[in-house]
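Undergrad: This is the structure I want to talk about, given as structure tokens.
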Amino acid sequence: MTLLSLTDLAVTLRNRPVFSGVSMTIGEGELVGLIGPNGAGKTTLMRSALGLLPIQSGQSSLAAMSTADRARAVAWMPQAREIAWPVPVERLVALGRLPYLPISGKIPPADQEKIDAAIAYLGLEEFRARAASRLSGGEQARALIARAIAQDTPLLMTDEPIAGLDPAHQIATMQVFADLARHGRSTLVSLHDLGLAARHCTRLVLLAEGGILADGAPEDVLTDALLARAFGVTAWHQQTSSGPVFQPLEVI
């Protein structure tokens, strides 16, 4: 089943072409890492695919949906993670059920089960009644992921969810996405940490030079030639008993 389909997508912002000719699909059970240098258009690609930015030409299956259908097809986690209002964590997570709630706004038992399951999945039980604005950065990230999981969509799109987190929270976040993929739910995640991308993603899409430069398995995308071309760096990579290890080394 195809969860996202982009066909010859092109976007221009402030009279500047960002990218063109972008075509890709995402199916069930994939963890797709969207990588590329700063300014390549990763955030723009995700937002235009969601219909949040105007598309100059081409098509996005998600952007073509009605608002109600799209809310049931994809959960969106933007780059900004600051939680400004002191709502309890449980209430924050419950916002993920808005696309399904009746007009009365009351939460039916089946929806409460989804909320409880998401809170448990992210290990947030002890924070259930705490104001979300009082959580640490890593805890806020987990609460927002729980909200997205409570939305119970087949696809999650998230923009740099590990930026600013310590190593433990970065790894834990990527493990959550990998676990979702193993259970059939897919994630498109933009990130700059190529090491974590190599270790956890089932597939990488390299956005550079105004389009998709490569799309495939991590070992086929993170090649010396493509790294030099897209990022201008060298890297060391090795397959170990603990999985692939990838480390950028020097600027060319």
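Undergrad: Name, by its number, the condition in (1) closer than 26 Å to Gln175 by Cβ; (2) aliphatic (A, V, I, L, M); (3) in contact (Cβ under 8 Å) with a residue 40 or more places away in the chain that does not hold for Ala80.
TA: Tallying (1) closer than 26 Å to Gln175 by Cβ; (2) aliphatic (A, V, I, L, M); (3) in contact (Cβ under 8 Å) with a residue 40 or more places away in the chain, Ala80 fails exactly one: (3).
Undergrad: Ok, one more. Can you go through Pro102, Pro109 and tell me which one is free of Cβ contacts under 8 Å to residues at least 40 places away in the same chain and under 22 Å from Ser66 (Cβ atoms)?
TA: Pro102
Undergrad: Looking at Ile149, is it modelled with pLDDT of 90 or more and within 30 Å of Val205 (Cβ to Cβ)?
TA: Spelling it out, Ile149 is indeed modelled with pLDDT of 90 or more and within 30 Å of Val205 (Cβ to Cβ).
Undergrad: If Ile162 satisfies all but one of (1) closer than 15 Å to Leu34 by Cβ; (2) in contact with a Lys or Arg (Cβ under 8 Å, 6 or more places away or on another chain), what's the number of the condition it fails?
TA: It fails just one condition, (2).
Undergrad: Restricting the range 1-30 to residues that are touching a Gly at 6+ places or on another chain (Cβ under 7 Å) and polar (S, T, N, Q), which is surrounded by the fewest Cβ atoms within 10 Å (Cβ to Cβ)?
TA: Residue satisfying both the conditions and the ranking: Thr2.
Undergrad: A follow-up question, please. Give the number of residues within the range 51-99 that are touching an Asp or Glu at 6+ places or on another chain (Cβ under 6 Å) and either buried (at least 17 other Cβ atoms within 10 Å of the Cβ) or within 16 Å of Leu4 (Cα to Cα) (or both).
TA: 2
Undergrad: Restricting attention to the range 113-154, and to residues there that are free of Cβ contacts under 8 Å to residues at least 40 places away in the same chain and charged (D, E, K, R), which single residue is surrounded by the most Cβ atoms within 10 Å (Cβ to Cβ)?
TA: In this case the residue turns out to be Arg142.
Undergrad: Let me ask another. For the range 1-107, which fully contained strands (runs of 3 or more DSSP E) count at least 1 residues that are over 19 Å from Gly211 (Cβ atoms) and in contact with a Ser or Thr (Cβ under 9 Å, 6 or more places away or on another chain)?
TA: 2-13, 16-27, 31-35, 74-77
The values are calculated or read from the model by the stated rules, or taken from the named source; none is laboratory data. Quantities reported herein were computed from a predicted structural model and do not represent experimental measurements. Using ideal geometry, Cβ is built from the backbone for each residue, glycine included, and neighbour counts are taken over all protein chains shown.
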